[in-house]
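Readers should treat all values here as calculations from the given coordinates under stated rules, not as data from a laboratory. Note that the coordinates shown come from a computational prediction; the quantities given were computed from them, not determined experimentally. Please note: Cβ atoms are built from the backbone with ideal geometry, for glycine as well, and neighbour counts cover all protein chains shown.
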Amino acid sequence: MRDAEFKIRTGCADDAGALGELMRGLHAHLKEPTHHMTPEILIRDVLDEDSVHSVLVAVRGGVHLGYALFHESYESIYAQRGFYMADLYVSEEARRQGVGRALVAAVANRAHEQGLKFLWWVSEAWDEEAQAFYAALGAAHEPMIAHSVSYDSFSALAEEGKKKS
């Protein structure tokens, strides 16, 4: 069985360098900036034991194959707590070996063990390979548009909110 060739485990500070490389790989794939993430930021924001974020890594023989980054969420439509999976990435070399499915299954298991009731994530509409993979997991596809405010727009909006608070 292919999944016996690798292990899924909770990420730790020792993974920061390799995890940062995987994250840069994800953002390069998505045609997004790749320079923001550093091992120090990962240790501070994700790998610290008090972090609200969790990360699972897939490792084979000391080589990091992929990761899933997630945190708890609440959805009023379900009136339930669950996990939002912010990132799922498997290196090009490790694809089609069961790594992605094993990572998503491990996140779902972690949620189930904590009494949570769902797992959700978003993907790029143009990424047909990802869409096919998620469909094979049995994921429901709900067309929606994701919105975000960042950098200068975020600062301006926050300043506006400060004036009204």
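Structure notes:
- Long-range amide H partners of SER91 with built H, under 5 Å: GLY66
- Considering only GLY66, GLY115, ALA102, the residue lying farthest towards the positive end of the dipole of segment 2-164 is GLY115, judged by Cα position with unit charges set on Cβ.
- Amide hydrogen neighbours beyond the local backbone of LEU119, cut-off 5 Å, H modeled: PHE83
- Against the chain, whose longest principal axis comes from its Cα atoms, helix 151-164 is set at around 40 degrees.
- Cβ charges +1 (Lys, Arg) and -1 (Asp, Glu), total dipole of the chain, debye: 340 debye
- Note on the chain: antiparallel DSSP beta bridges, both residues inside, total approximately 90 percent of the bridges counted.
- Vicinal HN-Hα couplings computed from phi for segment 65-74 (Karplus, 6.51 cos²θ - 1.76 cosθ + 1.60; Hz; Gly/Pro x): 9, x, 7, 9, 10, 8, 8, 5, 9, 10
- Amide H to amide H distances under 5 Å link GLU75 with GLN80, GLY82, where only residues 5 or more positions off or on other chains count and H is placed in the peptide plane.
- At 0.890 mPa s and 25 °C, Stokes diffusion of segment 95-151 via Kirkwood alpha-carbon radius, µm² per second: 186 µm²/s
- Lys, Arg +1 and Asp, Glu -1 on Cβ, resulting dipole of segment 98-165 about Cα centre, debye, nearest 20: 420 debye
- Space enclosed by the convex hull of the alpha-carbon atoms of the chain, per residue, Å³: 156 Å³
- Formal net charge of residues neighbouring HIS29 (Cβ-Cβ distance under 12 Å; K, R +1; D, E -1): -3
- Backbone N under 18 Å from the GLU40 label point (7 Å along Cα→Cβ), restricted to segment 3-30: 13-21
- Segment 133-138 - phi-based ³J(HN,Hα) in whole Hz, Karplus 6.51/-1.76/1.60, Gly and Pro as x: 4, 5, 4, 5, 6, x
- In degrees, nearest ten, helix 99-113 long axis to first principal axis of the chain (Cα): 60 degrees
- Student exercise, segment 70-130 dipole from Lys, Arg, Asp, Glu Cβ charges, in Debye to nearest 20: 360 debye
- Across segment 51-165, C-alpha contacts under 8 Å between residues 6 or more apart give a mean separation that, scaled by the residue count, equals a relative contact order of 18 percent.
- 3J(HN,Hα) couplings calculated from phi for segment 22-35 with the Karplus curve 6.51 cos²θ - 1.76 cosθ + 1.60 (θ = phi - 60°) are, in sequence order, 5, 5, 5, x, 4, 6, 5, 4, 7, 6, 10, x, 10, 8 Hz; Gly and Pro show x.
- Dividing the helix sum by the residues of the chain, where each DSSP H run of 4 or more adds -39500 (n - 2.57), gives a mean residue ellipticity at 222 nm of -11500 deg cm²/dmol.
- From least to most packed, judged by other beta carbons within 10 angstrom and beginning with the fewest, VAL46, VAL59, VAL104 follow the order VAL59, VAL104, VAL46.
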